[in-house]
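Following: one structure in structure tokens, then a few remarks.
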Amino acid sequence: MLRAPAVAIGLMLYWIASTTMAIGFDDRYGSTTVLGQPLDFSVVVNLGIGDWLSPECVGAEVTAGDNRIAREYVHVRIESSGREGQTTLRIITSVRIHEPVVMVQVTLNCTSQLSRQFVAFIDPPL
């Protein structure tokens, strides 16, 4: 007879845990850049309930081959992903990329600090 209340409590705890997800990176990311063009890299960020991103909270470092691109040439834009609880970060450089391997380090530093490094393989032009 105690089984029904235990199941109800378990379901309620699962619902609470699933609705209070913390901020984190999604598995969807990529680049539309070809060699000789500025970098255009995007990554989806999952937001928890009540979480939001402001430009001051987001940072990015870009390394093309062995060369780190100066911070003043790296720009981060926060865009809507079209899905509730998610936003897209676009990392764009104002310099051209001439290396086939680019490392992008994205840092979120609002309520807590979270960082992830991505690798983008840049295709040659057709």
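At-a-glance table
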{"item": "Amide H contacts under 5 Å for Val101, placed H, 5+ residues apart", "result": "Gly65, Ile122"}
{"item": "Computed lengthening from Val101 to Ala70, 0.36 nm per intervening residue step minus Cα-Cα distance", "result": "9.5 nm"}
{"item": "Amide hydrogen neighbours beyond the local backbone of Ile23, cut-off 5 Å, H modeled", "result": "Gly48"}
{"item": "Per-residue HN-Hα couplings for segment 61-73 [Karplus 6.51, -1.76, 1.60; θ = phi - 60°; Hz; x = Gly/Pro]", "result": "10, 10, 10, 9, x, 9, 9, 7, 7, 4, 3, 5, 9"}
{"item": "Per residue value of the accessible surface for segment 18-126 (all protein chains in place, 1.4 Å probe), Å²", "result": "60"}
{"item": "Gain on full stretching of the segment that runs from Glu61 to Ile78 - 0.36 nm per residue minus C-alpha separation", "result": "4.6 nm"}
{"item": "Sparsely packed trypsin sites (Lys or Arg not before Pro) within segment 65-126, loop by DSSP, other Cβ within 10 Å at most 15", "result": "Arg83"}
{"item": "Surrounding net charge for Gly36, when Lys and Arg each add one and Asp and Glu each subtract one, Cβ distance under 14 Å", "result": "-2"}
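The values are calculated or read from the model by the stated rules, or taken from the named source; none is laboratory data. As the structure is a prediction and not an experimental result, all values here were calculated from the model. Neighbour counts run over all protein chains shown; Cβ positions are idealised from the backbone, glycine included. All accessible areas refer to the heavy atoms of the entire protein, side chains included, with ligands and DNA or RNA removed. Shrake-Rupley method; radii C 1.70, N 1.55, O 1.52, S 1.80 Å.
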